[in-house]
Every structure is written in structure tokens, then in C-alpha cells.
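Trainee: I have a structure I would like to understand better, so I am pasting it below and will then ask my questions one at a time.
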Amino acid sequence: MAEQPEIRISPDQITVAKRIDASIAVVGTPNCGKSTLFNRLTGLKQRIGNYPGVTVERHVGYFRTEDSTTELVDLPGTHSLSAHSLEEQIAVDVIFGRMEGTRAPDGILAVLDATNLYQGLFFVQQLTELELPTVVALTMTDAAEMAGIEIDTTELSALLGVPVYPVVATTGAGLDMLRRAIANIRDIAPPRHVRVWPELAEAADKLVKDSNEPLRFAEIERLLIDGETEANAEFVAKLSDEARTELEPLREALFQGDPPVARDARVRYAWVRDVLVKVQKSAPRYVSWRTRITDFFNRPVPGTIGLFLVMAVVFQAVFAWATPLMDIIDESTASLAGAVFDRLGDSWFSSLIADGVISGVGAVIIFLPQIVILFLFIILLEDSGYLARAAYLMDRVMRSVGLSGQSIIPMISSFACAVPGIMATRVIPNRRDRIATILAAPFMTCSARLPVYALLIAAFVPATKVGILNLQGLVLFGLYMFGIVMGVLTALIMRQSALRGPKPPFALMLPEFRRPNLQTVAFQLLGRAKVFLKRAGTVIFAVAVIIWALAYFPRSDEIPAHVDENTAAAMQLEQSWLGRAGKVVEPVFEPLGWDWRVSSAVIASFPAREVVIAVLGTVYAVGDDADEATLSERLKNAKRPDGSPMYTLPMVVGLLIFYALCLQCAATVAIIRRETNSWRWPIFAWSYMTVLGYVGALLAYQIGTA
Amino acid sequence: MSINGNTLASLKRGQKGIIQAVDASDPQVQRLMVLGLVEGAEVEHASSAIGGDPMEFRLFGCGISLRQEHARHFQVAPVAAGG
């Protein structure tokens, strides 16, 4: 009988793992062309999930040959096996087989960027110490050739002790060879040791010898460099007591007070420089069109002007180009809802389908045009290497308001819609900066606030001239500025309190400009849209149906027959749960100058702020699709029971402030939940902004009427 | 270790230098060393943002940006122009 291979699968992995012949970790430095290669190798056979307990995405793909299925795990870009960030820690944990729910890799596909061998080799050399079958894919060989870099792959392969396959992921050249090598990775012998740091190797040998269990050399080396940490606790437990007591004395003798990470970098980069002399035939020269463009944008002034132009186009696209598509979605849902009433007649069921389900689905897909357009730009900018440059140029300005350079795109995008803006915060590597940006983003005046502002301003702000400016326009501008100031203040306060922490090191790799790969762009875009529909869409839909039910039930049979349709709808709403809720909370909102009508409209607009217009339309019996002029007339004439006007200037100013500050958007709440992977931040953001909105409206009304 | 003389921060645009010493006490500087800014590496000051901060350096063909406060931890020997 043949010898049984060792099976290392935990019960929770069996469902995925039983048909997988080998699991391979795809690793490399950031921007090395790893994702493009991963997409090339797996095509659409990939799944995006999350690693347990964190927001880092887990990309797993598969590829099949005639007799085997190989699983590829695309790991976050990493510079070293000593992790410096959450993403890097995850990559290192998966590589060492410490990640819960992810099978320990059977082999390593190391991706090495031919235009950046210096940093790439530093990491790949560490990977060769893992004692795992390893294949190196040398990417960007076309770009390297254009830059005048000639690489001796035979020599490189000999020096690393692993096979090196040059590929051009964008055209597919060299992929077949690589694919065959990966499918048969178990046949590749683990690399022999390249001992670039003999003293460290000797110390590691000593620990291995004095331990009972077979221990991996690379893991021991990392333990010597990193010391005992949370991440390697399980590994440390495997050491014998003898080895464990030896650990610190060995480290002391080895580093003599020098920071271990620094020593590691010094020793290995010295080795890398030696290798470069041997394998890189000519020094890179910068003559390509990419370099010319890079050089132009390298100057501070053209660079900054260029950045503002790019921002203007992105903002314009998300704001304006999405509008026609959103109008189409709006009209289609409306006519679909109308058709439902025509076919099924007027009943609770047809109202559920039309006003609940169809408008709920509409409320979800209405976000798609903005999300897809914004992400098309972000992915293009990121893949072309421009996003890093934008962050670099804006770093100083953003830093002064408590954010980082990478916050600029999410913040600008949030003027169109906070949902794609918050999704875009992924480009921010520092967690505190990222959460501060997420909390500031919903204060930016989004396109859903605009109709509310427009209605109230048109109705209550006189169109008088202030100098050459129109007062209405000034008020609108003021509201935009107000949002920015409150967002920035929030970020500043948060960075001083709950998100206080060391300033993150700002070391940004600035890649040369390169043409983005369309397949990679399409895959990423598809991924973003799917994530939104799955994680946020369900919440938005559920909330839309709940609000429908609150506004529909219970029905009253006592509506007089002679009243017109709109008045009947208004009367139904008044005695619905929503209307009753408005009356119940009336005392709460009374200090703000609101009656039950305004209160119920505000409550109904918590899932989506623009809904307030439709609800006001219904309450004031002008129909929920009445034009703005009719509604604003009705608002102007609305009276309190004592005959005084309902909508006084202080009350309207308060209402505007409330809508500027309040987080009335289920989609934003859902996406904060999704992006922070906890309910803590969405609950905080919602409560904080609601309190701010209430206090703001209260102050405006009380001061204005005092 | 204290750094004196020329640092990365004092390189002019277009000027090259070889790193001579690094004050590695700051963990953020250690992180930069992991990215390859170590003794013996040749770097070129490629650009800076408005106000001169952050600065961009070229290191074996790749661009890397750092703030001035960190650039001061790297002592360099400027390479003569044309050299």
C-alpha cells in the first residue's frame, strides 16, 4: 500500500479543501503586479471574503489542470516577514500557517517586480527560508525592458535557489510555463538555504537543536528578530523550556542593543545589492514616456495643479455623470410601482410590492451609478500609480486637519455620496486615519442633501442680492462649508481622543505611471459592486420595507368619502404608526419648533434623508410626487394651531442645520458597519451626528426666537 | 546615534547621495530601513510637494516618499554631479 500523505486539514476547512490538491500563497511587495497575475491565473474562479475579525479582504482563486485543482490565496502586499501593519500581519500569518480558517500553504508563488528588484529581492530572499516549494514569477518584464533593465534570470534562479519564470501578466506571455510549475509545485524541492546572515542562522540552529519538535528555520529566525509577540505566541509555546530560556540571551548577543529590524534590513539589503550587481546587466535609465510624465508631475506646482484637475474630473463624473442614470432608475421604479397598482388594484399587498419592495430595491440600486463611476476612477488612478502621488502631494494639507494624504479621494467623493467615499477609505493603511476619515465623510454635503436644501432654501430664503451674490446661493455655499468644517472638527477631535495614537510613518511607495490592466480594473469594479449589493443592499432594502410598513399600517376605514385622494393619503398617514410616532415624539422636537408633521417626516427620512420631501408632500396633502413649487407654497402657508406661521426663519435654519449634521442614511450606516467590521463605529457615528443635529437645530430655534 | 552633516533632507532636487549612517532608534525610521533606506544605498532626491514636504527619493529605480522629519535621520554623502 502506498504511503498516506500527511493530512493537515481542520474540520471547518473540509468543505472547501477536500477537492483542492494544493494551496499556494501568492505573495510579493505592494504594486508588484501580484493582483494582475492572480486574476490572470484564476480568471473568474475567485471568491472575496474577509479574514476572521478584521476588514482585510481575503481573495481566493482556483485553477484547474486535467488532474488537479490548485487554490491560490492572494495575500496583501508585504515588504518583510516582520509585519508592520494589520495587512502585513495577515500575510505573514497565512504564510506561516497561523491563520484560522486558511489552510497552511503547500507552496509559495513569490511575485517579483522586474522594475523593482531591490525591494522585491529583500522579501523573496526571506521567503526562500520558509522550506516550502517556491516558484518566483518575475513580472513587469516588458516595463523593465523599456527602462533598459536586463535581468539574467538563470543567474537569479541560481542565487535564490528557486525557479524563476519571467511573465508579462498584461499580455499573458510566459503564463503557461508558470501555470504548469504551480500545478506541480509539490514536485519542486524546497529551496536550499541561502545563508545571507550566518550569525542569525547559527543562533537559529542552536534553538532548533535544543527544541523537541521540528521547527521551521524561517519562523525561528523571525522569532529571534521580532522577539515574543502576540502573533507568534503559539509558535513560542512549541519551544522547549531550554530553548525558551536561551531566546533572550541569544537575541542580546546577536543584536547588542541595535534594533533587530534595522539590523535585519542592513544585512539583507547588503546581500541584495551584491545580487543586483550579478543579475542586473544595466542600471535602470529613465527615458520612457512614463518617466517623462512622472518627471513633469514631480515638480510641486504642475503636480498640484494636475492633482486639482484630476479631482475636478472625478468629482464632476461622480456628481454629474451619475445623475442621468440615477434618474432612469428613479423613473423606472416609479413606473414599475405604478404598473403594480394598475394590475393589482389598491390593496395593502400592491402597496407592499410597489412602495415597499420595488422602491426598496430602487433605494439600493440608485447608489450603483455613483459607486461604479467613482470606483472606475479610483481603480484606474490606483492601478496607474497616480493615487499614491495624490496622497503624497496632499499629505501636508490633510495632516494639518488630522487626516492623512490618502484621505483626499474619500473626502472629495463624499460630496457626491458618502457610501462610495467610505468604501474608498480602503486606500488608507493606518487604521486610526481610516476611521477618522470614515467619521468625517458623512458630514460632506452629499447629493441626497441637495434636494432638501433646495426645497427649504427656495421656499424660505429670499432671492435677494448680496453684493454680486445671490443670498440663496450664499446660504447653499454656507451649508457646504458648514459640512466641511464640522467634518474636519470631528476628525481633529477624534484624533485627539478615541483615535489618539502615534503618527503613522509616512513612507509611500511612488510607482512610476503605468497603463492599468483592463481585466484587473473590471474584476475589481465587479468586486466593489458585489460587496455593496450584498453587505449594504440588504440593510437598505430591509429598512425601506420597515419604513413603508410604519407609514402604511394601520389603515383607517373612517376616511370620509368626499375628500380627494391626496387629503385621504394625508389622513391615513396621520393615523399610521409613523404619524402616531411623530405625535409621540412631538414633545422631544417641540423645542426645535417642529410639530408632529415635521417630526414624522424627519423620522421617516432617517433611512434616507431625501425621503423627507415625499413624506412632507403626503402630510401636506399635495401627493408624494407633487412638484416643488406646490410643496414650498404649502410649507409657506402652514400654520400652527394659534395661527402663527409654522415655518419661521429660526425653525427653517434649525431644520437645515439638522439635515446638514444628522446621519440620516441607512446606506452609510450599513457601509460603515461593513468597512469597520463592527457595529461600534456606525452606532457611534449615528448617535454623535444625531445629537449634533438636534443640538444645532435647538440652538438655532431657541436663539432665533429668544 | 546622532546624525550630523548632510542628511537626505538637505539633498537638492536632482542630487544623489549614498547613505552613510542611519539613526535607527525611531521605529518609524526602522520601517523606512525595511523599505531599503540603509547604509550603502544610493538615493536621488526626485521631487517634493509644495512647501518641500514630503520629499520623494528614488532608490534603485523606485520612488519612495518620506517626511522631512524622517529624512533627517539619514546621513548621506552627496555624489558629485555627473558622477
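Trainee: Could you go through the range B:47-63 and let me know if any residue there is charged (D, E, K, R), at the interface with chain A (Cβ under 8 Å from one of its Cβ atoms), touching a Lys or Arg at 6+ places or on another chain (Cβ under 6 Å) and more than 19 Å from A:ASP274 (Cα to Cα).
Mentor: For the range B:47-63, residues charged (D, E, K, R), at the interface with chain A (Cβ under 8 Å from one of its Cβ atoms), touching a Lys or Arg at 6+ places or on another chain (Cβ under 6 Å) and more than 19 Å from A:ASP274 (Cα to Cα): present.
Trainee: Within the bounds of the range A:638-658, is there any residue that is part of a helix (DSSP H, G or I), farther than 30 Å from A:TYR51 by Cα and of a type outside the set (A, V, I, L, M, F, W, C)?
Mentor: Scanning the range A:638-658 turns up at least one residue that is part of a helix (DSSP H, G or I), farther than 30 Å from A:TYR51 by Cα and of a type outside the set (A, V, I, L, M, F, W, C).
Trainee: Go through A:PHE415, A:PHE477 for me and flag whichever is of a type outside the set (Gly, Ala, Ser) and either within 16 Å of A:CYS665 (Cβ to Cβ) or part of a loop (DSSP other than H, G, I, E, B) (or both).
Mentor: Unique residue meeting the criteria: A:PHE415.
Trainee: Does the range A:40-79 hold any residues that are assigned to a strand (DSSP E or B), under 15 Å from the mean Cα position of the chain (by Cα) and surrounded by fewer than 20 Cβ atoms within 10 Å (Cβ to Cβ), and which are they?
Mentor: A:ILE48, A:GLY49, A:ASN50, A:GLU57
Trainee: Still on this structure: When you look at A:VAL313, is it surrounded by 14 or more Cβ atoms within 10 Å (Cβ to Cβ) and in contact with a helix residue (DSSP H, G or I) (Cβ under 9 Å, 6 or more places away or on another chain), yes or no?
Mentor: It is false that A:VAL313 is surrounded by 14 or more Cβ atoms within 10 Å (Cβ to Cβ) and in contact with a helix residue (DSSP H, G or I) (Cβ under 9 Å, 6 or more places away or on another chain).
Trainee: Condition first: modelled with pLDDT of 95 or more, closer than 16 Å to A:ALA218 by Cα and not in a helix (DSSP H, G or I). Can you find one or more residues in the range A:109-121 that meet it?
Mentor: Among the residues of the range A:109-121, at least one is modelled with pLDDT of 95 or more, closer than 16 Å to A:ALA218 by Cα and not in a helix (DSSP H, G or I), which makes the answer yes.
Trainee: Scan the range B:34-66 for residues that are closer than 18 Å to A:ASP395 by Cα and touching an Asp or Glu at 6+ places or on another chain (Cβ under 6 Å) and jot them down.
Mentor: B:ALA46, B:SER47, B:PRO54, B:GLY63, B:SER65, listed by residue number.
Trainee: While we're looking at this one, here's another question. Tell me which residues, restricted to the range A:215-270, are more than 25 Å from B:MET33 (Cα to Cα) and either in the same structural domain as A:ILE95 (by TED's automatic domain parsing) or among the basic types (Lys, Arg) (or both).
Mentor: A:ARG216, A:LYS238, A:ARG244
Trainee: Ok, one more. Out of the residues in the range A:381-430 that are under 21 Å from A:ALA317 (Cα atoms) and of a type in the set (Phe, Trp, Tyr), which is nearest to the other protein chains (Cβ to nearest Cβ)?
Mentor: Filtering first and then ranking leaves A:TYR386.
Trainee: Among the numbered conditions (1) within 24 Å of A:PHE217 (Cα to Cα); (2) touching a strand residue (DSSP E or B) at 6+ places or on another chain (Cβ under 8 Å), tell me where A:GLY161 comes up short.
Mentor: Among (1) within 24 Å of A:PHE217 (Cα to Cα); (2) touching a strand residue (DSSP E or B) at 6+ places or on another chain (Cβ under 8 Å), the lone unmet condition for A:GLY161 is (2).
Trainee: Give the residue, chosen from B:VAL76, B:VAL38, that is at the interface with chain A (Cβ under 7 Å from one of its Cβ atoms) and farther than 24 Å from A:ALA390 by Cα.
Mentor: Only one candidate passes the filter, namely B:VAL38.
Trainee: Of the numbered conditions (1) assigned to a helix (DSSP H, G or I); (2) surrounded by fewer than 23 Cβ atoms within 10 Å (Cβ to Cβ); (3) among the small types (Gly, Ala, Ser), A:ALA667 satisfies every one except a single condition; which is it?
Mentor: The single condition A:ALA667 does not satisfy is (2).
Trainee: Do we have A:VAL162 as buried (at least 17 other Cβ atoms within 10 Å of the Cβ), closer than 30 Å to A:LYS278 by Cα and of a type in the set (Val, Ile, Thr) here?
Mentor: Yes: the conditions hold for A:VAL162.
Trainee: In this structure, does A:ARG222 turn out to be touching a residue at least 12 places away in the same chain (Cβ under 8 Å), within 14 Å of another protein chain (Cβ to nearest Cβ), surrounded by 14 or more Cβ atoms within 10 Å (Cβ to Cβ) and not acidic (Asp, Glu)?
Mentor: Yes.
Trainee: Under 8 Å between Cβ atoms, which residue pairs at least 6 apart in sequence (or on different chains) link something in the range A:677-693 that is among the β-branched types (Val, Ile, Thr) with a partner that is buried (at least 16 other Cβ atoms within 10 Å of the Cβ) and at pLDDT below 95?
Mentor: Correct list of pairs: A:THR690/A:CYS662; A:THR690/A:LEU663.
Trainee: To continue, here is another question. Yes or no: the range A:384-399 includes at least one residue that is farther than 17 Å from A:THR304 by Cα and under 18 Å from the mean Cα position of the chain (by Cα).
Mentor: No.
Trainee: Of all residues in the range A:425-451, which are modelled with pLDDT under 85 and aliphatic (A, V, I, L, M)?
Mentor: Answer for the range A:425-451, where residues must be modelled with pLDDT under 85 and aliphatic (A, V, I, L, M): A:VAL427, A:ILE428, A:ALA448, A:LEU450.
The values are calculated or read from the model by the stated rules, or taken from the named source; none is laboratory data. Remember, predicted model here, so these are calculated numbers, not experimental data. Cβ sites come from the backbone with ideal geometry, for glycine too, and all protein chains shown count toward neighbours.
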